[in-house]
1. Might you let me know whether the range 57-80 holds any residue that is of a type in the set (Ser, Thr, Tyr) and surrounded by 14 or more Cβ atoms within 10 Å (Cβ to Cβ)?
2. Tell me, which residue of the range 109-128 that is part of a strand (DSSP E or B), over 11 Å from the mean Cα position of the chain (by Cα) and not hydrophobic (A, V, I, L, M, F, W, C) is farthest from Leu60 (Cα to Cα)?
3. Show the residue pairs meeting these rules: Cβ distance below 6 Å; 6+ apart or different chains; first residue within the range 127-154 and at negative phi; second residue hydrophobic (A, V, I, L, M, F, W, C) and not in a strand (DSSP E or B).
4. Could you please let me know if Ile68 is within 23 Å of Ile31 (Cα to Cα), in a strand (DSSP E or B) and of a type in the set (A, V, I, L, M, F, W, C)?
5. Is there a residue being closer than 17 Å to Ala140 by Cβ, in contact (Cβ under 8 Å) with a residue 24 or more places away in the chain and of a type outside the set (Phe, Trp, Tyr) anywhere in the range 57-71?
6. Report yes if Ala107 is among the small types (Gly, Ala, Ser), closer than 18 Å to Phe50 by Cα and surrounded by 11 or more Cβ atoms within 10 Å (Cβ to Cβ), otherwise no.
7. Could you list, in sequence order, the residues of the range 15-30 that are in a loop (DSSP other than H, G, I, E, B) and either at pLDDT 90 or above or surrounded by 10 or more Cβ atoms within 10 Å (Cβ to Cβ) (or both)?
8. Please determine whether any residue of the range 129-147 is within 18 Å of the chain's Cα centre (by Cα), farther than 18 Å from Val34 by Cα and loosely packed, with under 15 Cβ neighbours inside 10 Å.
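The values are calculated or read from the model by the stated rules, or taken from the named source; none is laboratory data. Please read these numbers as outputs of a predicted model, since none were measured by experiment. Quick reminder, even Gly has a Cβ in these numbers, built from the backbone with ideal geometry, and neighbours come from all protein chains shown.
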Amino acid sequence: MKKLLGIAAGLCLSLAASVGAQPAPSAQQQIQAVMAAMGSAAKAHDTDRFMAGFLHEPSLIFAINGRIIHGWDALHAQQLKWWRNGKSDVVYKPTGPTEFVQLAPGAWVSTQALSSQRTGADGKPSVGTFAVTDIWKKTAQGWRIVYGHESWAKPFD
């Protein structure tokens, strides 16, 4: 009888654990979580939080409208300029769903179309549309962008 109760208790514990257990998030879901945190940081023009999604190494590459930026430090410095050290008024909005393609285990590509609105150098509203394509790599710190490309339909000033 004790053996039967022990088996029953074990089955109940196993069942309770499996009912409460959530499946591990997929790679795409994990990347989307990083992207959401980056979007929140972009809304606040917080360069440090935004840059947390990028590989913090000199091997990081970011291409934008014919210019190639090498390394996390250089991209961080440029992002501070783009957001005027957090004083920018730019607002970003997605214009469609993010697209994902798995390249290999531990490597994904995301492409996102966005629009932006900011006050231009002349004091008038400036609206732009652009696309961002990122290559994501699974690292010990989580998913990080190792290569990014941003292209603007109408480059901002």
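1. Taking every residue of the range 57-80 in turn, none turns out to be of a type in the set (Ser, Thr, Tyr) and surrounded by 14 or more Cβ atoms within 10 Å (Cβ to Cβ).
2. Pro125
3. If the second residue must be hydrophobic (A, V, I, L, M, F, W, C) and not in a strand (DSSP E or B), the pairs left are Gly128/Phe156; Thr129/Ala153; Trp136/Ile31; Trp143/Ile31; Trp143/Val34; Arg144/Leu55; Val146/Leu55.
4. It is false that Ile68 is within 23 Å of Ile31 (Cα to Cα), in a strand (DSSP E or B) and of a type in the set (A, V, I, L, M, F, W, C).
5. Yes: one or more hits.
6. Numbers: among the small types (Gly, Ala, Ser): yes; closer than 18 Å to Phe50 by Cα: no; surrounded by 11 or more Cβ atoms within 10 Å (Cβ to Cβ): yes.
Criteria not met by Ala107.
7. As a first pass, look at the range 15-30 and keep what is in a loop (DSSP other than H, G, I, E, B): 21-26.
Once the filter is applied, which keeps residues that are in a loop (DSSP other than H, G, I, E, B) and either at pLDDT 90 or above or surrounded by 10 or more Cβ atoms within 10 Å (Cβ to Cβ) (or both), the range 15-30 yields Pro25, Ser26.
8. There is no residue in the range 129-147 that is within 18 Å of the chain's Cα centre (by Cα), farther than 18 Å from Val34 by Cα and loosely packed, with under 15 Cβ neighbours inside 10 Å.
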